[in-house]
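Heads up: the structure comes next, in structure tokens.
The values are calculated or read from the model by the stated rules, or taken from the named source; none is laboratory data. Owing to the predicted nature of the structure, the values given are computational and were not obtained by experimental measurement. Note that each Cβ is placed from the backbone with ideal geometry, even for glycine, and that neighbours are counted across all protein chains shown.
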Amino acid sequence: MLETISTFHSNYTAVGDIIVMATVMVFLILIQAVYIEKNREFKIFTGILIFLFAAAATDIFFNVKIKDPFNTPVFVLYAFKWAYQLFLFSALHLFVLYMGDPLHQNEEVDRRFYLISGFLLIAFTVTDILGTIFKFGFYIEGEYIHKGLDLFPIGYVAFVSIIMYMIVKVRSKVFRPVLIGVISTCAMSFIIMYVQSLFNQTSYTTATYLFPCYAVLYLLHSNAFDIEMGTAHIEAFKNYVKSVGKSGKNILFMSLYLPAFDVVGKKFPKEISDKVRDNVYLHFKGATMFQISGGRTILACDIVKNPEYEDALKKILKIFDDEYQIYQQDYKIVITKAVEEVSKGNDYLGLLQYIEKRMPLNDVHEVKEKEVEAYKEHKYIVDELADIYAKRDLNDPRIIVFCQPVYNIKSGKFDTAEALMRMKLDKLGMVFPDKFIPIAENNGYIHALSVIILAKTCEQIRQLMEDGYYVKRISVNFSIMDVREEHFCFNVKQIVQDSGIPFDKVAIEITESQNEKDFMLIKEKLSELKQSGITFYLDDFGTGYSNFDRIMEMPFDIIKFDRSLVIASGENDKSRIMVSHLAQMFTDLNYAVLYEGIEDENDENRCRDMYAKYLQGYKYSKPIPIEQLTEYFEKFK
């Protein structure tokens, strides 16, 4: 196809390319402001934008220079023409690379499409250059332009076809609105290209690439700000922390937590949010606020940019205290500097919540190094418990069974014991219950631990019996959280049955519940298990709440008097008489009484006189590994 240079130039206006360059600049500014995660896809997307900017700039330069071809070396014109199409094809190639990860292609499919796309990029670029050299493509001759074979439409269709095929192939795995958004913008690009060709225009070719870029930025990388308060959301905070972990910047974090607003649908009142926003940006340079939830906002600022941050903090806290006197909204403020390990683990929210649980309301707390170390230990235990819970391995070596032997006054022997839980972790060694049990209960992992202890205890009972030792029973502690488990009774019966030991060799210790619903549930579950022959202990009698009517309704066999009653009985006659009468009452009602916390002969003699049937405590033994019960239990003669 032959065309004069003047006609060729009249079909072009720089408006489209100028819009592309301006839009790309706006994109680059915005994506720096919203803390998008700088991952592989983001870097590829940035590359696409750079190629589009380069293509638009090259196209403008080419069309300016071709107006007066006699004053511009023809090779320069060809070079810019080749570069223009190379930049556009490179942008399309990067789109193919980009779509691989978001669309969850497997590695084999990725490699195939990447290779095809790379081959097309090289093939079209080389053919474009050869077309000019051998005059079967675009070349200039005098005042005329020979268009020849136009590779761009063919290449454009080829690259877009690959992208569309990748999208359609995994359509079942892609969130439908995202799928529709990407396909719609690609279709819009085709329409613009087609309409442009009808009018013999070339001005908006580069601009058609912007539509998929809009879709990618909005659907896959957007991190919206709260317009009123000027805060970014939680995902932006995570990305920000990730970048801090990589850069090693010295960042100050300040968390403002208002419990009353930490519910769905609530947010800071406007008068509070206005005060927070205005004063943060007034006193801190380059600070960013993140709205983590309705009741939590986190300020982050670079200490290097704010060398007088301590004075700024004092001013902020003074202003907040003044506002508290007006609004009387309970709060907790935690201040911490960036910690490398916490940054890399992206776990500042966990650290903040850990500190908040241990501080009073309406207080400001600056995190100390020892608290960070304590949190790291806490987090490690949480992660190990989560792994134990996920695996549900009844032989998990991290859960260790200790036991404390119980002395049987009637037989004068040790024939029962209480199983006690320990954790043995690679980084911490032996971990005691007071440290990990509350964590397990708070995170819903406790039942997994309880069934492991029961299974290991049953296995050891079986081993003791096979070795000829007399075992009356060994008790295992269960909590109300265990009883709430839907399959509690089934799990207990199945474990005991699978171990091959009689059910009466196992006892369950459980504390009394004040909650009416829990009481009914405990009664129902214990009554079901009672039929199998399992013995039941009422644990910790004498601490907190005790309702004798409810105790009478439960199928308990043994009442375990807490150490506090043992201590009280030794302080004065009044307390001793009271404890003794309680023990006599239970004995008359056919319950056995077990005193725990016996530490010396005085405790022992006093409890013997107070209707004791069993005694347990450090006088006889500290908790020992369950395998060492052979040192206390006797063999059959």
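So the values come out like this:
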item: Per-region count, the stretch 107-149, residues part of a helix (DSSP H, G or I) and under 19 Å from Tyr78 (Cα atoms); result: 13
item: Hits in the stretch 329-367 - residues which are on the phi > 0 side of the Ramachandran plot and at pLDDT below 85; result: Asn346
item: When residues of the stretch 479-512 are limited to those that are of a type in the set (S, T, N, Q) and in a helix (DSSP H, G or I), the one surrounded by the most Cβ atoms within 10 Å (Cβ to Cβ); result: Ser499
item: Those residues of the stretch 520-550 which are surrounded by fewer than 20 Cβ atoms within 10 Å (Cβ to Cβ), out of contact with any Ser or Thr (no Cβ under 7 Å at 6 or more places or on another chain), over 20 Å from Val506 (Cα atoms) and not polar (S, T, N, Q), in sequence order; result: Met520, Leu521, Gly544, Tyr545, Phe548, Asp549, Arg550
item: The stretch 118-167, residues that are β-branched (Val, Ile, Thr) and over 26 Å from Val216 (Cβ atoms); result: Val126, Thr127, Ile129, Thr132, Ile133, Ile140, Ile145
item: Some residue of the stretch 556-578 being of a type in the set (A, V, I, L, M), surrounded by fewer than 20 Cβ atoms within 10 Å (Cβ to Cβ) and under 50 Å from the mean Cα position of the chain (by Cα); result: yes
item: Test: residue in the stretch 498-508 that is in the same structural domain as Leu394 (by TED's automatic domain parsing) and closer than 28 Å to Val382 by Cβ; result: yes
item: Verdict on Leu449 being in contact with a strand residue (DSSP E or B) (Cβ under 8 Å, 6 or more places away or on another chain), in the same structural domain as Glu596 (by TED's automatic domain parsing) and touching a residue at least 60 places away in the same chain (Cβ under 8 Å); result: yes
item: Which listed residue, of Asn239, Asn306, is assigned by TED's automatic domain parsing to the domain that holds Ile326, surrounded by 21 or more Cβ atoms within 10 Å (Cβ to Cβ) and either of a type outside the set (A, V, I, L, M, F, W, C) or within 27 Å of the chain's Cα centre (by Cα) (or both); result: Asn239
item: Considering residues of the stretch 244-259 that are in a helix (DSSP H, G or I) and not basic (Lys, Arg) only, the residue farthest from Met359 (Cα to Cα); result: Ser247
item: Top-ranked residue in the stretch 252-275 [being among the β-branched types (Val, Ile, Thr) and surrounded by fewer than 22 Cβ atoms within 10 Å (Cβ to Cβ); ranked as nearest to Asp321 (Cα to Cα)]; result: Val263
item: Those residues of the stretch 347-373 which are surrounded by fewer than 19 Cβ atoms within 10 Å (Cβ to Cβ), under 23 Å from Phe320 (Cα atoms) and β-branched (Val, Ile, Thr), in sequence order; result: Val364
item: Filter result for Leu449 (surrounded by 21 or more Cβ atoms within 10 Å (Cβ to Cβ), within 26 Å of the chain's Cα centre (by Cα), hydrophobic (A, V, I, L, M, F, W, C) and under 27 Å from His378 (Cβ atoms)); result: yes
item: The stretch 331-341: number of residues that are touching a residue at least 60 places away in the same chain (Cβ under 8 Å) and either loosely packed, with under 14 Cβ neighbours inside 10 Å or within 22 Å of Ala236 (Cβ to Cβ) (or both); result: 7
item: Total residues in the stretch 351-373, condition touching a residue at least 60 places away in the same chain (Cβ under 8 Å) and part of a helix (DSSP H, G or I); result: 2
item: Hits in the stretch 587-602 - residues which are outside any loop (DSSP other than H, G, I, E, B), more than 50 Å from the chain's Cα centre (by Cα) and not hydroxyl-bearing (Ser, Thr, Tyr); result: Asp588, Glu601, Asn602
item: Members of the stretch 455-488 that are under 32 Å from the mean Cα position of the chain (by Cα) and touching a residue at least 24 places away in the same chain (Cβ under 8 Å); result: Ala455, Lys456, Asn477, Phe478, Ser479, Ile480, Met481, Asp482, Val483, Arg484, Glu485, Phe488
item: Positions within the stretch 609-627 being touching a strand residue (DSSP E or B) at 6+ places or on another chain (Cβ under 8 Å) and not in a loop (DSSP other than H, G, I, E, B), in sequence order; result: Tyr614, Leu615, Gln616, Ile624, Pro625, Ile626
item: Matching entry among Lys376, Lys344, Lys318 (being surrounded by fewer than 13 Cβ atoms within 10 Å (Cβ to Cβ) and either polar (S, T, N, Q) or part of a helix (DSSP H, G or I) (or both)); result: Lys318
item: Looking only at the stretch 36-88, and only at residues there that are in a loop (DSSP other than H, G, I, E, B) and in contact with a His (Cβ under 9 Å, 6 or more places away or on another chain), the one that is surrounded by the fewest Cβ atoms within 10 Å (Cβ to Cβ); result: Lys67
